[in-house]
Amino acid sequence: MARIAAWLVVGSLLALASCSEDGAQGVTDDAGGSVSDATVENAGGGSSGELPEHWKEGLQSGINWGLAADFPDDVGIGSNPFVLGSEDFETGTVTIVTEEDRYKNNVQVTDTEHYTGKYAGVHSWPQGLNGVTTRFPLTAQAHQDARPAYFERMCFKYDKSFHPGESMAGVGVKGFGIYFENGSGNADTCAGMSWYDVSCQFVGWGPSQKPQANDGYLWVGHMYSYNRYPEQAIATLGTIKLTDPPDGTQSCRFSSYADPFEYIVLQTWRCYELGLYLNTPGQNDGEARFWIDGVLQSRTTNMRFRDLEEQKPSSMHLNLYRTTEDFPQTMVRWADNIVLARRYIGPVKVSR
């Protein structure tokens, strides 16, 4: 949706603070919100009332196994009645359905990399290319529960080309997300908007002396959400930073950061999952969660995504969109083991 993309790329992606002696950095994400990777006190709190049973999954410390545990290497996972779509590239082609076949038309299948099986998808961003947004449309099948929840898991491996070289230029790449896009809104204001999302993005910055840095350059993935009431969200795990609105009025976006950050190691497979737990219309009983390899990183409660019954998620994005276009070389990222579901998915049960 054009208004979303326009807002995301307003201004530069990253405004990087100078590197201190211990390597601490300041990160500004694609809509202007910032957070230090120094320790921040947890806001605490949570939603009231008893959680529905399927909302209780994925909340334990350590690795949380989900429905994928019954399908080693994700083989046959599409047969699970809670799964809405999946892609493991093992046919040697892209089979997952997206609008205008955008995912199929922009991802190649390779046998030189894989997380499981023999194949993976690979996407490249040449210098100057932002890329495309790809949508998996959600049908009535996704909305069957009285208290619906929506989950998306993608596994990524970032090539060493995600290091910018001597320039240490900041960069951001949108990951994936769960969206309601049928409401009002525009690229320049929060006023009147009714669309919402729970998404993740990946940001890189440097130089850094931290031991987690990739040759002096840090990458991290984090969750964010556009909605009408971001100031009401509560961080029960991680920290929240509200994004300043582009029109100087009321914010309609926040970023949620793990505390401490779980940094990305280039040339290493990791699996990321988002959960959007839909609120009762007009009530603050929704949630958003973010896992890496089944370990819960961020959880925000007291969320009010919608005010009307019909405002249910309309699509899941498998994004191939880069929010900065002036990276000095072609960037390459592999993807595998994609699953979209209405129950918590969990990490891949790898057989090897």
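Values quoted throughout were computed directly from the atomic coordinates according to the rules given, and no laboratory measurement underlies them. Quick caveat: nothing in here was measured; it's all calculated off a predicted structure. No Cβ is skipped: glycine too gets one built from the backbone with ideal geometry, and neighbour counts run over all protein chains shown.
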Pop the C-beta distance of Q267 and R102 into the FRET formula with R0 = 25 Å and round what comes out to the nearest 0.05.
0.40
Residues of region 242-259 with amide nitrogen under 20 Å from the 7 Å Cα-to-Cβ point of Q232?
242-245, 249-256
Between D307 and L59, Cβ-based FRET efficiency (R0 30 Å, step 0.05) works out to 0.65
Burial order of peptide ranges 85-96, 206-217, 167-178 (average beta-carbon count within 10 Å, highest first)
167-178, 85-96, 206-217
At 4 °C and a viscosity of 1.567 mPa s, what translational diffusion coefficient does Stokes-Einstein give for region 277-320, taking Rh as the Kirkwood radius over Cα pairs? Give it in µm²/s as a whole number.
109 µm²/s
Greater than 21 Å apart at Cα, pairs in K104/K349; K118/K349; K157/K349; K104/K174; K118/K157; K210/K349
K104/K349; K210/K349
Provide the packing ranking of 221-230, 133-142, i.e. peptides ordered by the mean count of other C-beta atoms within 10 Å per residue, highest first.
221-230, 133-142
Those residues of region 105-143 whose amide nitrogen sits under 17 Å from the label point placed on T93, 7 Å along Cα→Cβ
105-111, 119-122
Interchain or sequence-distant (5+) residues whose placed amide H lies within less than 5 Å of the amide H of I345 are L67
HN-Hα J in Hz across region 100-110 - Karplus 6.51, -1.76, 1.60, θ = phi - 60°, x for Gly and Pro:
6, 6, 5, 5, 4, 7, 10, 10, 9, 9, 10
Listed highest first by mean packing, meaning other Cβ atoms within 10 Å per residue, what order do 292-303, 112-123 come in?
292-303, 112-123
